[in-house]
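One structure is given here, and the rest of the page talks about it.
The values are calculated or read from the model by the stated rules, or taken from the named source; none is laboratory data. This is a predicted model, so every value here is computed, not measured. Quick reminder, even Gly has a Cβ in these numbers, built from the backbone with ideal geometry, and neighbours come from all protein chains shown.
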Amino acid sequence: MSKYWNKKINSAEPYQAGEQPKDGQRVIKLNTNENPYPPSPSCAAVLRDFDISELRLYPNTDAAMVCEAVAAVEGIKPSNVFVGNGSDEVLALCWQTFFEKKTETDKAVLAPAISYSFYPVYSSFYDVRIEKVPLKEGFAVDPEDYCGRENCGIAIANPNAPTSIAIGKDDIRRILEANPDSVVLIDEAYAAFAEGYESAATLIGEYKNLVVVRTLSKSYGLAGLRVGYAIADEELIEGLKRARDSFNSYPVDRLAQKIAAAAILDRDTFERNRKALIATRNRLTDELRGMGFTLPDSSANFVFAKPPEGISAETLYKNLKAKGILVRYFNKPVINEYLRISIGTDGETDEFLEAVREETGNGKDC
Ligand code: PMP
């Protein structure tokens, strides 16, 4: 609290990011869903060849080369793409552009009760009412809960976080059709890790009210670069640009634009890393289940796992931390029984499993 802050900042409840170890500290970091594999070698080539004098000049406002790369890969037009400083910024701009303030409407944004914890933070910061829609048995998002209910917008992470569960394209179609007057935001931060998942982005030609948000932080191994983007009909993209240009018209720097475009165009590295990660995730899932953990099948680059009888999620989190292994523990009702464990390399996963075996008593007799 400070007398120099305005009321809004004094009452803000900011998002709490997962802890970041100090530089040089050796930890196995499985707590913020980063990619364990380095980004495309073509990103390194961009860095090597970058002409420093370019930094004299402001970057392209729209990050046109990133829009072109996304368009080439997705088979859409560059004008259907909006690029921001990480998908968090794109999401924040979506809140400001598409969802109405509570001073203007009684309607709320609908979002799953358990989901990305930034959604309620944006809602409160931008004065948008949010209605948290309870999940069904097993943390399932039921599309019918988003149909026939008044709202000023809908935001769903697909796959959902931290539950790791995805809904299908037909479910999204159902929600879009039931809500022609609201923008439906599908946050696909983790979609690349869903086996057989068909991106909602393929629906933008059919639905003017759909915005799909993606990030380079997870599937491209570029969390440190801060680039994310939205795919939508031009009318929605135009709205996002109006919001951006009322705040910061150069959100993505010159170097980041070049690195991002190179990463997106290197499909081989993307596919290789994605497949390796899925294989490790499936192995981790089997091993944890073998030790008595309860966890849904994950479509993301993390698993959401409840430890077996005898050890609480909180104790396991603390004990792993003492061993230099960071996972994410949420001190909130229901999800405090679970840990969110990001997928690391195979070697990190082996070390993690070994530590878990020691903590849970699994395999001690073998
Ligand atoms: N959406 C979801 C569901 C996430 O978990 C995250 C990562 N915390 C983001 C968006 C934001 O990712 P970034 O800002 O790194 O693009």
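What to note about this one:
- Checking Gly196 against (1) more than 10 Å from the ligand (Cβ to nearest atom); (2) crowded, with 22+ Cβ neighbours inside 10 Å, the condition it does not meet: (2)
- Number of residues in region 10-25 that are more than 16 Å from the ligand (Cβ to nearest atom) and either farther than 22 Å from Tyr116 by Cβ or of a type in the set (Asp, Glu) (or both) equals 7.
- Yes/no for Thr103 being hydroxyl-bearing (Ser, Thr, Tyr), at pLDDT 95 or above and in contact with a Ser or Thr (Cβ under 7 Å, 6 or more places away or on another chain): no
- Residue, farthest from Ala191 (Cα to Cα), within region 300-310, restricted to residues that are in contact with a helix residue (DSSP H, G or I) (Cβ under 6 Å, 6 or more places away or on another chain) and among the small types (Gly, Ala, Ser): Ala305
- When region 123-168 is filtered for residues that are within 11 Å of the ligand (Cβ to nearest atom) and outside any loop (DSSP other than H, G, I, E, B), the ones remaining, listed by number, are Ala155, Ile156, Ala157.
- Among the candidates Ile175, Ile154, residue that is touching a residue at least 40 places away in the same chain (Cβ under 8 Å) and touching a helix residue (DSSP H, G or I) at 6+ places or on another chain (Cβ under 6 Å): Ile154
- Test for Gly148: is it in contact (Cβ under 8 Å) with a residue 12 or more places away in the chain and on the phi > 0 side of the Ramachandran plot: yes
- Boolean, Ile175 is part of a strand (DSSP E or B), more than 24 Å from Cys67 (Cβ to Cβ) and in the same structural domain as Glu234 (by TED's automatic domain parsing): no
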